Amino acid sequence: MNDLVNFEYYRPSPAEFNHHKTRKATADYQKEDYVHVSCQFVVGEGNWQALTQIDSCVNWSDVIQVRLPCEELSSCPICLYNPVCPLSPVCGHAMCYSCALRFSDNCPGGDCPICHKPLIFSDFRPLKTYPRVSYKVGDEIVMKLVFRDRNGRIVCSAADEVETNSTTKIPNISSDWGVKFSNVITASPSQILQQVLMAQEEELKSQLAMLEDNDKETEPFIIRALEELLDKKDKCFNDMESALKVKSKSSPEEISESSCKKVHFYQCADGQPIFIHPLNSRCLIHEYESIEVPSHS
């Protein structure tokens, strides 16, 4: 019995460790990696050739809006209600615009209430949600034949392969195909004004109109948010004027053709990362001598 009570676990010395076996197998988890994979980013117009590479990541300072595929956002960690005019920090946790302003004033340099990442108000970006079907086992999924460059990330429809070659250009926010299949889309100053800033302004005005008497302490932060949006709209108008001047002087943009080998595959028609297994692709090639199935089959 004394042997059991006085039991001591033998701990080997550091010299006895086999460092090849005790080495950590996985890297540390980074919340930013999840945001980059699960969200869609809107950036301004410019030369984004580097973002067409498969391993490239968007610089957070270049992001204008973050789009998240979900039915409903989780509650704001500050007010515990559904976020109104939500903003997203680098970690991806949504907050109300007014709550983010209040938090930055009361806790400057504070951490995120959920993941404890440092929060800087200049890093907050407008957040927009859009619905996406959640498939279950047994559901019918429509697949579409698409292609991309072997080292690229821009996915294009195989039906337009002969007509256009847009694998070297980030799609625009007005392109339905680009919005579905690309996690990075561009927007002109006029599109940013209409689809981002004015949408935020409408949400804040609605929140201000529906404000209750017992919540008057939120009012100055909503007014302050509206004032910040006015400054952003003025800057957007200036960008629109300068963009018009540049377009009047510059020649039409030419899309360079890619010399990389193209990879064809089937992906879910609504852009979700659901693919046909390579074994099924080989069966298609064996049956039809091509990965493209004839329309009459």
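For the reader, a short list of remarks on this structure follows.
- Between Asn82 and Leu244, the contour length at 0.36 nm per residue exceeds the Cα-Cα span by 54.4 nm.
- Charge dipole (the stretch 38-196, unit charges on Cβ, about Cα centre) - positive-most of Pro189, Cys91, Trp177: Cys91
- In Å², nearest 10: area of His116 left accessible to a 1.4 Å probe: 130
- Put simply, the amide H of Val43, placed in the peptide plane, has neighbours under 5 Å in Ile64, Ile185, Thr186, Ala187, leaving out anything fewer than 5 places away on its chain.
- Solvent-accessible ranking of His286, His277, largest area first, probe 1.4 Å: His286, His277
The values are calculated or read from the model by the stated rules, or taken from the named source; none is laboratory data. As the structure is a prediction and not an experimental result, all values here were calculated from the model. Cβ coordinates were reconstructed from backbone atoms using ideal geometry, including for glycine residues, and neighbour counts include every protein chain displayed. To get the accessible areas, we keep the full protein, side chains included, count just its heavy atoms, and leave off ligands, DNA and RNA. Shrake-Rupley method; radii C 1.70, N 1.55, O 1.52, S 1.80 Å.
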